[in-house]
1. Lys and Arg at +1, Asp and Glu at -1: add these up for the other residues within a Cβ distance under 9 Å of Gly453 and post the number.
2. How much length is gained on full extension from Arg313 to Asn465, taking 0.36 nm per residue of separation minus their Cα-Cα distance?
3. Can you list the residues, at least 5 places off or on another chain, whose amide H is less than 5 Å from the amide H of Val109, using H built in the peptide plane?
4. Skip the ligands, DNA and RNA, and give the accessible area per residue of the range 85-161 with a 1.4 Å probe, whole Å².
5. Once neighbouring chains are kept in place and the probe is 1.4 Å, which whole percent of the accessible area of the range 323-456 is contributed by carbon and sulfur?
6. Of Lys255/Lys455; Lys290/Lys528; Lys314/Lys389; Lys311/Lys528, which pairs sit farther than 20 Å apart, going by alpha carbon to alpha carbon?
7. Under a 5 Å amide H to amide H cut-off, with H placed in plane at 1.01 Å, what residues pair with Arg275 once short-range neighbours are removed?
8. Go through Glu105, Glu110 and list them by solvent-accessible area, largest first, probe radius 1.4 Å.
Amino acid sequence: MTLAEKTSIAVETPETNSNNKSHLQRRHHRRVLFLSLEFNFAPFSGNGVLCRSLVSGLLEDDDTTNNETPNNDHTHVEIRVICAKPHPSTPNLSSDISVTHKNLEIWPVELQESSSHRWKRLDRHGPWNEFASALCCGSNIINFRDCIEQFEPTDVVAVDWHGMLAWQAVCTAITNTTNLRWRKDLVNVCYYNFRVYSSSSWGDQGNNNSSDGVTSDNNQFYIEMEQLSCRLADGIICLSEHDRCALHKLMLQDKEVEDEIMNPTCCHQKQKKVREITILPPPLRGDVFKLARMMEGGGSLSLFNMYLPEKARKALDYAHQQQGTTIPQQRLFLTCISRLSPEKSPHIFVNLLQQLGGVDFLRRHCLVPILCGARSVESYADEVIQSFKNVCSSDDDDSFWPCIVIDHHLGPKELAAIFSHTVLNVHPCLYDAYGMTLVESAAFGVPSVVNCGGKVGAAALLGENEGCVALDLSGMEEEIRTETTDGKNDCNEEMDGSVKKLNEMLAPRIQHTASLLRSCSTLAQVAKEARHRALGWDELSCCRGLVEMLNSLTND
């Protein structure tokens with residue numbers, strides 16, 4: 001199976017840049033400038049996880065090449081990461097993650113206190129503007145212009161549209177450089193798209209902790225930002241076939257590119273002849289890979305118990321006490337690990353549990369539900385958590401049953417501890433460019449329920465209904481949207497009919513999920529395939545694909 005696939009969109013111009021880059025044909029010293037809003041400072045999402053994996057993989061590839069071929073020509077890699085660092089006053093910050101290597105430096109953009117409410121957001125209401133502005137105005141603690149000129153990058157890897165806007169800011173600042181050895185127009189620029197915002201099922205989530213869904217203004221904003229990112233790039237990487245098609249469509253619809261083709265003299269910058277879209281599935285991150293390997297040969301499920309959050313450990317102990325001898329299964333967690341933000345749709349997990357029978361179903365099968373993820377939109381997070389508690393727990397002395405809420409970003413050892421006791425993971429997004437926790441849970445032998453139809457990128461790596469369970473979850477979204485209109489519809493009979501119809505539509509999916517939880521053999525088969533595929537695609541494999549892509553740009 002080929003994991004990296006390419007498609008090209010030709011943009012005809014009267015000249016190419018192949019001669020200009022001839023001195024880079026055999027590049028022995030690759031200097032990568034890596035631009036990402038989130039990296040290692042107070043990380044809150046899979047973006048930071050994937051960024052750290054990519055940087056680690058590039059450096060590991062360099063170390064491995066040096067060890068394997070010490071006397072032969074090889075490419076030496078140095079990396080400088082520019083990322084945002086939230087103001088210390090920002091509430092509910094997670095701990096910074098140490099990332100060190102002799103060939104790595106991290107240059108933080110220190111955000112102002114006024115942007116504290118925008119941290120943990122990657123949409124248009126996040127701190128992307130302040131991040132980009134700091135790279136050209138020189139007001140931050142680091143003089144980025146001087147640092148970048150002295151570093152003389154050969155390649156730029158910019159994550160999502162906010163990373164590409166940061167690179168545009170760098171180009172604006174470096175207009176009259178005195179460094180005659182380095183020119184910014186000879187740098188290979190890779191637009192690494194982690195998510196196509198303009199095609200997201202929820203699109204933009206509004207300001208002031210509100211959720212305003214998809215609007216034409218929001219969507220147009222993302223279209224313009226992503227089209228600009230494609231124009232600025234020499235090459236493009238995305239995470240799934242769905243996103244490749246979306247980016248392809250954006251490029252074809254970009255009027256500015258059409259104008260440049262018809263009248264190249266009117267463009268404000270040189271248009272590249274060919275831009276490639278490469279699908280490169282994210283790897284299983286190195287720290288999780290090592291922990292998952294510890295479970296080989298039937299390793300004990302209690303291997304990571306010391307890292308279980310206290311409330312999860314107590315709930316597990318209680319469930320085991322209630323389990324008795326009639327249900328001998330050891331894995332008792334039913335998990336959803338997803339950022340508490342509307343586009344991640346954790347409310348679908350709650351709806352699924354409600355349709356399964358809520359607390360009665362969980363108690364009957366000795367399953368402890370866990371909802372885990374950092375808060376992104378506070379009002380939405382509060383609503384989902386309260387609904388989860390209402391559906392999944394009981395405080396009555398005679399019918400008590402626990403449910404667990406962890407509303408912060410988990411470290412790898414905590415993840416390992418939870419997944420080692422999980423029977424099934426639910427990834428509720430209707431659309432997700434990838435879905436990192438799918439692969440992480442799979443590494444510990446945990447299959448996941450995902451939305452079907454290729455709308456979740458990781459399902460392509462794991463295999464729909466081979467290494468994961470693909471169901472149509474769109475009905476769950478329909479249900480919550482129907483419920484949220486309650487009170488606006490004066491016809492209660494019509495509302496009751498709509499809910500009844502939805503329940504009938506959902507019945508086959510609910511029955512399938514329930515039967516999976518009862519069938520240890522079926523789950524074990526899916527889990528075995530999931531683990532095999534997850535462990536087969538590591539950081540080194542992925543980043544060699546990235547290097548291959550950068551080499552192809554050098555050789556254009």
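1. Working: positive: Lys455; negative: Glu464, Asp472.
Combined, the nearby Lys, Arg, Asp and Glu give -1.
2. Working: separation 152, 0.36 × 152 = 54.72 nm, distance 3.10 nm.
Here the segment from Arg313 to Asn465 would lengthen by 51.6 nm.
3. Cys83, Ala84, Lys85
4. Working: 3520 Å² over 77 residues.
Per-residue accessible area for the range 85-161 comes out at 46 Å².
5. On the way: 1830 of 3880 Å².
Summing carbon and sulfur atoms, their accessible area is 47 percent of the total for the range 323-456.
6. Details: Lys255/Lys455 28 Å; Lys290/Lys528 18 Å; Lys314/Lys389 17 Å; Lys311/Lys528 29 Å.
Beyond 20 Å between Cα atoms: Lys255/Lys455; Lys311/Lys528.
7. Ile9, Val11
8. Values: Glu105 85, Glu110 65 Å².
Result, largest first: Glu105, Glu110.
The values are calculated or read from the model by the stated rules, or taken from the named source; none is laboratory data. All values derive from a computational prediction rather than experimental measurement. Heads up, the Cβs are rebuilt from the backbone with ideal geometry, glycines too, and the neighbour counts pull from every protein chain shown. In case anyone asks, the SASA skips ligands and DNA or RNA and just uses the protein heavy atoms, side chains included. Shrake-Rupley method; radii C 1.70, N 1.55, O 1.52, S 1.80 Å.
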